[in-house]
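Single-structure report; data block below.
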Amino acid sequence: MAARPTQPYVGPRPFETTDRGLFFGRDREADDILSLIMFHRTVLLYAQSGAGKSSLINTLIIPGLQADGFVTAPIIRIRGAPPAWLQNTANAYLASIRYALTPDAPETPPADIDDLTLLDLLRASAPPPRGRGPVLVFDQFEELFTTYQDRWTEREEVFVQIAQALDGMPTLRVLFSMREDSIAELDPLMWRIPQGLDVRYRLELLRRDAAISAVIGPSERTGVTFNLAAAKARTDACSRPRVNISSRCNCRSFVDACGIGFPKASRPSTKAISSSSATSARRFASFISRRCGASPSYTTIRKS
């Protein structure tokens, strides 16, 4: 669900494509990754958990590829297929991939679904004349190693079929996105792709100026001003190991301390701030702490 116009911070969830106008601070990284995909066939994007990989893919990478004329297949998550797609299938991982790549996939898979290879599915989304791609995106690829663990012997076939697709479609590009603490899991399987990984890109946590942009940018899009000095102070505070917002915190004081200014004509009353800003405050704290790499530790902010 996209953020409401009156709520500029999406909270502790990845940004969706519809949130693109609220996503700030990652333009340089997006340009880097788009360039790598254009010139390499297999790219690994990795970072620590919560760095914003999925948000970056949804808001800048996919739209950027499409703007450059690339055909993009639906983003693949290894988990998420309905139970019917996983029952009586020879490979649970490939079943999830087939489900993700099947337009308007029904709850019950077609009878011959196991006969379709990854290459078969990608040929159905082949680029139009003068088009580029397709680009296959595996988001949160570490799920290959954390789901269906009793079926771990089926993982190798995923790489076999990726290799066949790369060989059968010379214009195909593949982007793997995963947590950096799972990269070692790739080593026993990546040999199945003869060319291996062309390039790796580590997404670092937001630096200070980018983090400030990520904090201020969304509020400005919704007509709310943000004091720059306060934004810098809050960003610096959230780059420390822990963020703690006391349960005794007054919501009115929190909003004032952050330098958030509402347009005069629509400035809410103190009572309205107290009743409505608890959710906003929690979202704000979670948002900037995730963007800056801190681990938020806070309790519910009570009404004043």
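When only Cα pairs under 8 Å and 6 or more residues apart are kept, what is the percent relative contact order across the range 26-202? Each step should come with its number before you reach the end.
Working: 262 pairs, mean separation 61.8, N = 177.
Relative contact order for the range 26-202 comes out at 35 percent.
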Run a plain Debye calculation on the range 118-167 (Cα atoms as equal point scatterers, no solvent) and give log10 I(q)/I(0) at q = 0.19 Å⁻¹, rounded to two decimals, same order as the q list.
-0.75
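I'd like to know how the range 95-151 sits against the 2.2 N^0.38 Å rule of thumb: what's its Cα Rg over that expected value?
On the way: Rg = 13.6 Å, N = 57, 2.2 N^0.38 = 10.2 Å.
Against the compact-globule rule of thumb, the ratio is 1.33.
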Are there GluC sites (Glu not before Pro) in the range 135-215 that DSSP marks as loop and that have at most 16 other Cβ atoms within 10 Å, and which are they?
204
Calculated from backbone phi, Karplus (6.51, -1.76, 1.60) coupling profile of the range 83-92 in Hz, x at Gly/Pro:
x, 4, 6, 9, 7, 6, 9, 6, 8, 5
Each label sits 7 Å from Cα toward the beta-carbon; between residue 18 and residue 230 the label points are separated, in nm, by 3.0
Just need log10 I(q)/I(0) for the range 26-202 at q = 0.13 Å⁻¹, Debye formula, equal scatterers on the alpha-carbon atoms, no solvent, rounded to two decimals.
-0.63
Compare the Cα positions of 46, 91, 36 along the charge dipole of the range 26-202 (+1 at Cβ of Lys, Arg; -1 at Cβ of Asp, Glu; about the Cα centre) and return the one farthest towards the positive end.
36
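On a full-extension model of 0.36 nm per residue, what is the gain between residue 191 and residue 48, subtracting their alpha-carbon distance, rounded to one decimal in nm?
Values: separation 143, 0.36 × 143 = 51.48 nm, distance 2.43 nm.
Here the segment from residue 191 to residue 48 would lengthen by 49.1 nm.
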Debye log10 I(q)/I(0) for the range 9-53, one point scatterer per Cα, at q = 0.16, 0.24 Å⁻¹
-0.55, -1.04
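All of the numbers you see were taken from the coordinates with simple rules; none came from a lab. Just so it is clear, the model here is predicted, and its values are computed rather than measured. Virtual Cβ from ideal backbone geometry, glycine too; neighbours counted across all protein chains shown.
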